[in-house]
1. Pairs of alpha-carbon atoms within less than 8 angstrom and 6+ residues apart define the contacts here; what relative contact order does the chain have, in percent?
2. How high is the FRET efficiency from residue 11 to residue 45, r the C-beta distance, R0 30 Å, rounded to 0.05?
3. Each residue of region 108-122 in order: what ³J(HN,Hα) in whole Hz does its phi give by Karplus 6.51 cos²θ - 1.76 cosθ + 1.60, θ = phi - 60°, with x for Gly and Pro?
4. Please find the FRET efficiency linking residue 115 to residue 70, where r is the Cβ-Cβ separation and R0 is fixed at 25 Å, and quote it to the nearest 0.05.
5. Find me the longest stretch of the chain that has none of the exposed trypsin sites (Lys or Arg not before Pro), where exposed means in a DSSP loop (not H, G, I, E or B) with at most 15 other Cβ atoms within 10 Å.
6. Mean shadow of the chain, computed from the convex hull of its alpha carbons, in nm²?
7. Whats the longest run of the chain with zero GluC sites (Glu not before Pro) that are DSSP loop and have at most 13 other Cβ atoms within 10 Å?
8. Cα to Cα, under 20 Å, and not fewer than 8 places away if on the same chain: which lysines meet these conditions relative to residue 98?
Amino acid sequence: MKTATFTVHATAEQSRRWKMAAESEGHRSAGTWLAAAADAYLKVRARAGLPIPLAWHRRRFSVRLGDGELITVKGHVSPPFASFAGTEDGPADYCGRKRHVLVHLPDSRIIATLRSFRQCMALASELAPAYARDDAVAAGITERHRRESA
């Protein structure tokens, strides 16, 4: 199993409370308790239907444009989503308009064209639980974001 290491800064009072909580729940260290607490927090967030925070990175990816052409573009990726500046017609340098497109990476399908990358990130965060469940709710969420972006 791969592991990652994190450094957490805390006040002396926080450290004392975290160590006490870890000990009372049978954890070997405050670090293992913090990991369990963070996982529990994310599960509660997902169950409550709150948007899941996504990590975005710059990368190239493929997208199927409105006319069916499959091209490679530069943009931001947070699987299973990606975003690039442009429209269904192509990247901003192709079409000259400053919009942002949210793409579903597994099938290179365009989900929505919105006014800003921030709106694409918000829609992706909201869609993530629906796509994870393969839920039909995703269509309603996408339509609401399109209306708000207009």
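1. Values: 210 pairs, mean separation 21.8, N = 150.
RCO, the chain: 15 percent.
2. Details: r = 25 Å, r/R0 = 0.83.
Working from the Cβ atoms, E equals 0.75.
3. 6, 8, 6, 8, 7, 10, 10, 6, 9, 5, 4, 5, 5, 5, 5
4. Values: r = 25 Å, r/R0 = 1.01.
The value I calculate is 0.50.
5. Longest stretch, sites excluded: 29-96.
6. Numbers: hull surface 47.9 nm².
Mean projected area of the Cα convex hull: 12.0 nm².
7. On the way: sites that count: 25, 69.
For GluC sites (Glu not before Pro) (loop position, at most 13 other Cβ atoms within 10 Å), the longest site-free span of the chain is 70-150.
8. 74
Each reported figure results from applying straightforward, stated rules to the coordinates on display, with no laboratory input. Everything numeric here is computed off the predicted structure, so don't read it as measured data. As a convention, Cβ positions derive from the backbone with ideal geometry for all residues, glycine included, and neighbour counts pool all protein chains shown.
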